[in-house]
Amino acid sequence: MPHSLRASLAALAIGLLLPAQAASAQASAPNEAATNSEDARLTAFLDAEFAEWLKQQPQLATRLGIKDGGDRWNDISDAAAAAQTAWLQDSVKRTRAQFDRAGLSSAAQVSFDLWALQAERAVLSNADRKFRPPFYSQLYSVHSQLPDFLINTHSVADAADLDNYIARLRGIPAVFDEAIARTKAGEAAGIRAPKFRNEDTITSSEKLISGAPFGPGPDAALWADVKTKTAALVQQGKLTQADADNRLAQAREAILALKPAYERVIAWAQADLAAAPSGRVGAISLAGGAQYYANELTLNTTTDLTAEQIHAIGRAEVTRIEGAQDALARQAGLKDREAFYAQRVQLYPLRAYDDAMRTEYLAAANAFVAKTRSMLGRYFGMLPAYRIEVVREPAFSEIPGGAAHASAPSPDGSRPARTYVHLVGTPKDPAALYTLMCHEAVPGHNMQGDIQVRQKGAPKFRAASFYVAFGEGWGLYSEALCKEMGAFPDIAADFMRLDAELFRAARLVVDTGIHAKGWTEEEAVAYLNQTGRQPPETARSEVRRYITLPGQATGYKIGMLKIQELRAKAQAALGAKFDIRGFHDLLIAGGTLPLSILERRVNEWIAAQSS
C-alpha cells in the first residue's frame, strides 16, 4: 500500500517477527467447546480494546467508517506517540492477564499474537521517531496527506459528516504548526529532509493555495471537493440550499485560513533549503542511522534479514529475471532482452501524456480489471464484493513518474476500492498496464483489501492492520498469478511483467545501497535506470521515495519470495491434494500477517490437508 492504506494505518501497519516462545507454543488439546468460548471472549475483549485505541486514532476510525472522532485529526506530537505506545503496552498486559494462549484455537492464537506485537512494534517504531519528521516522506508528508485524506477518505453522507469536514479544515493549521515544531527539533538533532523534499513541499503547498477562493483561477482542490460534496447532499434532499450556503461560507472561511498555515510551511522549507542535504542522504549518513535502518528492515520485511543479505538477494534476483527475459525475447523471435526493449521503444516512442491518452489509459485499465475479476473463480473461493475503480491521482499530489497506489474500500462498501495512477510526464510502455493493474487492483491490493475489510468473526483490529511484506508481497505474487490465470494478452505483456519484477529486485539493491552502503542519489538513479530499466523520471521519483522511506521498498520482493516458497512447499507436500483455491483463500482471508505467522498458518493448513 504503499500509499496502499495510507499513514493513518501507521500505528498498526508495521509488523515484527513473532517472538520465538509464541511461535513454538502449542495448544494442549483443550476441549473444543471451551476453546470456542474462549475465542469469542478474546474477540470481544480485543474489540473493546481496539475501540479504545480508535479514540486515539480518529483518522483510522474514519477510514473504517466510524463516525466518532470525525471532527479531529490524529495527534502527531511526541507526547501523544509516547502515550499511545504506553497504552498499547498496558493493553497487551491486560490481554495476557485475562487469557491463556494455550486455551485458544489456532486461529485465535494468531489474533492473540498479533495484538501482542502491537506494543513491540510501537516501541521499536517510536524509538526511531526522530528520523521521521512530518515533512520528510515523499508519500506521507503531512502538508499533502491531510487534504488528500479529506478529499479521498472523509466521506460526506449527511450534514454531520459535512460539519466534521469543516471542523477538520479548521484543525489543519494546528497540525501544521506541530509538524513544523517537530521538524525543527529534528533539525537541531541533525535530522533534515533532503533538499528535493523541501523543494517538493514548497511546490505542492503553493498548488494547494492557488485558485479560488485564494485568488483567480479554477477552484483549489479542497474548495472544489467541499462544494461537490455539499451539492450532493442538497441533491439527495439531506440539506436545504440555505443550510448548504451557510456551511459553504464556513468552509470557505476555514479554507482561507489555510493560506497563512501553508505560508508558514513554505517559509520553513525555504529557510531550510540552504542547509538541506543532497548527494549522500541515506540513513547511514545520520548519527545512529545504521541501527535505524536495521530496525526499518525488520519492520518492513518482518524477517531478521540484514541489509547485506537483502542486497545479495536483490542482485541474484536481477540475474535470474534477466535470464527469463532473454528466454522470452527468443520466444518472440528476437536475440535477447536488449533487442526486445529496443523494439518496444521503436513501436512506442516517448511522448508526454495528453487528455486523449489519459482517457484511453483509464478506460483500458478499468476494462482489464473487470476482465481479471471475471477470471477469479478458478483460483479463489473468496471473491471481492465491492466496486473497484482506477482513477487519476489528485492534481496536487500528481508527479511525473509517480508510483501508482491502492486504497481499500470502506467496510460497508460505500467508498469503493480505488487504484490511483499518475498521468503526467512520459507514459511507460502500454504493455506495462496489465501488470500494474494485477498488482494494485485485481487480484492484488484492491481485492485483498476488499476481503480484509469484510472479515467476519475475527477481532476488528485485524481488518485494519497492514504488513508491508505480506501486503506488497501479495501484490507482486498477484502479477505472476495473472500470467498463470491467462490474463495477459500477449508476450509483450508477459515481458513487461518480468520488467516489473526486475524493478522490484533492483529495489532491494538500491534501497540497501542508499541506506547501508552510502550510495548517492545519482548512483541509485543510474542503477535503477540502467539495470532496473526505469525511465529517468521514474527512476528519480522512485529513488527519492526510497530515500525518504527507508526499507519500505524491500518488503515487496521479500514478501513475494516467501509466498512463492510457501506455495511450492504446500504443493510438494500435498501433491494431488493441493487445492489452489484453498491455498489462496488461506493467504488472504485473515488480512495481512507477518511472514513468520503466515508460514505457521500454511504449515498448519498443510497438516490439516494431509490428514
Subset tally (residues that are in contact (Cβ under 8 Å) with a residue 12 or more places away in the chain and under 21 Å from residue 208 (Cβ atoms)) for the range 218-246: 9
Does the range 521-545 hold any residues that are closer than 20 Å to residue 338 by Cβ and either in a helix (DSSP H, G or I) or of a type outside the set (Lys, Arg) (or both), and which are they? 526, 527, 528, 529, 530, 531, 532, 534, 535, 536, 538, 539
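What number of residues within the range 217-254 satisfy the criterion of being part of a helix (DSSP H, G or I), of a type in the set (A, V, I, L, M) and over 28 Å from the mean Cα position of the chain (by Cα)?
Initial filter on the range 217-254 (part of a helix (DSSP H, G or I)): 221-235, 241-254.
This time we only want the ones that are of a type in the set (A, V, I, L, M), so: 221-222, 224, 226, 231-234, 242, 244, 248-249, 251, 254.
When the remaining residues are screened for being over 28 Å from the mean Cα position of the chain (by Cα), the result is 231-234, 242, 244, 248-249, 251, 254.
Adding up the residues that qualify gives 10.
Which of the residues spanning the range 179-222 are of a type in the set (Ser, Thr, Tyr), out of contact with any Phe, Trp or Tyr (no Cβ under 7 Å at 6 or more places or on another chain) and farther than 17 Å from residue 151 by Cβ?
In the first step, residues of the range 179-222 are kept if they are of a type in the set (Ser, Thr, Tyr); the result is 183, 201, 203-205, 210.
If we keep only those that are out of contact with any Phe, Trp or Tyr (no Cβ under 7 Å at 6 or more places or on another chain) too, we end up with 203, 210.
Answer for the range 179-222, where residues must be of a type in the set (Ser, Thr, Tyr), out of contact with any Phe, Trp or Tyr (no Cβ under 7 Å at 6 or more places or on another chain) and farther than 17 Å from residue 151 by Cβ: just 203.
One line per residue, one yes/no per condition, for (1) crowded, with 22+ Cβ neighbours inside 10 Å; (2) not small (Gly, Ala, Ser):
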| residue | (1), (2) |
| --- | --- |
| 54 | no, yes |
| 58 | no, yes |
| 80 | no, no |
| 107 | no, no |
| 118 | yes, yes |
| 135 | yes, yes |
Residues that are assigned to a helix (DSSP H, G or I) and under 30 Å from residue 342 (Cα atoms): does the range 440-450 have at least one? yes
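Output the residue which, of all residues in the range 191-208 that are among the basic types (Lys, Arg) and in contact with a helix residue (DSSP H, G or I) (Cβ under 8 Å, 6 or more places away or on another chain), is surrounded by the most Cβ atoms within 10 Å (Cβ to Cβ). Steps first, answer last, please.
Kept after step one, since they are among the basic types (Lys, Arg), are these residues of the range 191-208: 192, 195, 197, 207.
Subsequent filtering for residues that are in contact with a helix residue (DSSP H, G or I) (Cβ under 8 Å, 6 or more places away or on another chain) retains 192, 197, 207.
Working: 192: 19, 197: 24, 207: 17.
For the range 191-208, the residue satisfying everything is 197.
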So residue 416, is it at pLDDT 90 or above, over 28 Å from residue 536 (Cα atoms), surrounded by 16 or more Cβ atoms within 10 Å (Cβ to Cβ) and more than 17 Å from the chain's Cα centre (by Cα): no
Test of understanding: among 138, 145, which residue is among the polar types (S, T, N, Q), touching a residue at least 60 places away in the same chain (Cβ under 8 Å) and assigned to a loop (DSSP other than H, G, I, E, B)? 138
Got a number for residues in the range 546-569 being part of a helix (DSSP H, G or I) and crowded, with 21+ Cβ neighbours inside 10 Å? 13
Sole miss for residue 260 among (1) assigned to a helix (DSSP H, G or I); (2) in contact (Cβ under 8 Å) with a residue 40 or more places away in the chain; (3) surrounded by 15 or more Cβ atoms within 10 Å (Cβ to Cβ) is condition (3)
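Output the residue which, of all residues in the range 591-611 that are part of a loop (DSSP other than H, G, I, E, B) and either at positive phi or buried (at least 21 other Cβ atoms within 10 Å of the Cβ) (or both), is nearest to the chain's Cα centre (by Cα). Please lay out each step first, then the result.
First, pick out the residues of the range 591-611 that are part of a loop (DSSP other than H, G, I, E, B): 591-594, 611.
Still in the running and either at positive phi or buried (at least 21 other Cβ atoms within 10 Å of the Cβ) (or both): 591-594.
Values: 591: 14, 592: 12, 593: 14, 594: 15 Å.
Among those residues, the one meeting the criterion is 592.
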Those residues that are modelled with pLDDT of 95 or more and outside any helix (DSSP H, G or I), I need them from the range 191-216; list them, please. 209, 210, 211, 212, 213, 214, 215, 216
Residues of the range 417-467 satisfying the condition of being in contact with a Pro (Cβ under 6 Å, 6 or more places away or on another chain) and under 17 Å from residue 559 (Cα atoms): 467
I'm trying to understand the selection: among the residues of the range 156-190, which are surrounded by 19 or more Cβ atoms within 10 Å (Cβ to Cβ) and part of a loop (DSSP other than H, G, I, E, B)? 156
Looking at the range 485-495, which of its residues are touching a residue at least 60 places away in the same chain (Cβ under 8 Å) and either acidic (Asp, Glu) or closer than 9 Å to residue 434 by Cβ (or both)? 487, 493, 494
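Out of all the residues in the range 373-392, which are in contact with a strand residue (DSSP E or B) (Cβ under 9 Å, 6 or more places away or on another chain) and within 14 Å of residue 416 (Cβ to Cβ)?
373, 384, 386, 387, 388, 389, 390, 391 - these are the residues of the range 373-392 that are in contact with a strand residue (DSSP E or B) (Cβ under 9 Å, 6 or more places away or on another chain) and within 14 Å of residue 416 (Cβ to Cβ).
Take the conditions touching a strand residue (DSSP E or B) at 6+ places or on another chain (Cβ under 9 Å), assigned to a strand (DSSP E or B) and either on the phi > 0 side of the Ramachandran plot or not acidic (Asp, Glu) (or both) and apply them to residue 370. Does it pass?
On the way: touching a strand residue (DSSP E or B) at 6+ places or on another chain (Cβ under 9 Å): yes; assigned to a strand (DSSP E or B): no; either on the phi > 0 side of the Ramachandran plot or not acidic (Asp, Glu) (or both): yes.
The answer is no for residue 370.
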In the range 330-365, which residues are in a helix (DSSP H, G or I), acidic (Asp, Glu) and closer than 15 Å to residue 533 by Cα? 338
Residue 481 is checked against (1) surrounded by fewer than 24 Cβ atoms within 10 Å (Cβ to Cβ); (2) modelled with pLDDT under 95 and fails just one. What number does that condition carry? (2)
Out of everything in the range 523-555 that is among the charged types (D, E, K, R) and either in contact with a Pro (Cβ under 6 Å, 6 or more places away or on another chain) or without any contact (Cβ under 8 Å) to a residue 12 or more places away in the chain (or both), what residue ends up being farthest from residue 315 (Cα to Cα)? 537
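Considering the range 46-84 alone, what residues qualify as being assigned to a loop (DSSP other than H, G, I, E, B), of a type in the set (Val, Ile, Thr) and within 19 Å of residue 413 (Cα to Cα)? Explain how you work it out, then say what you get.
Taking the range 46-84 as the starting set, the residues that turn out to be assigned to a loop (DSSP other than H, G, I, E, B) are 56-57, 64-77.
Then keep just the ones that are of a type in the set (Val, Ile, Thr); that gives 66, 76.
Matches in the range 46-84: 66 only.
The values are calculated or read from the model by the stated rules, or taken from the named source; none is laboratory data. Worth saying up front: this structure is predicted, and the values here are computed from it rather than measured. Here the Cβ is made from the backbone with ideal geometry for all residues, glycine too, and neighbour counts use every protein chain on show.
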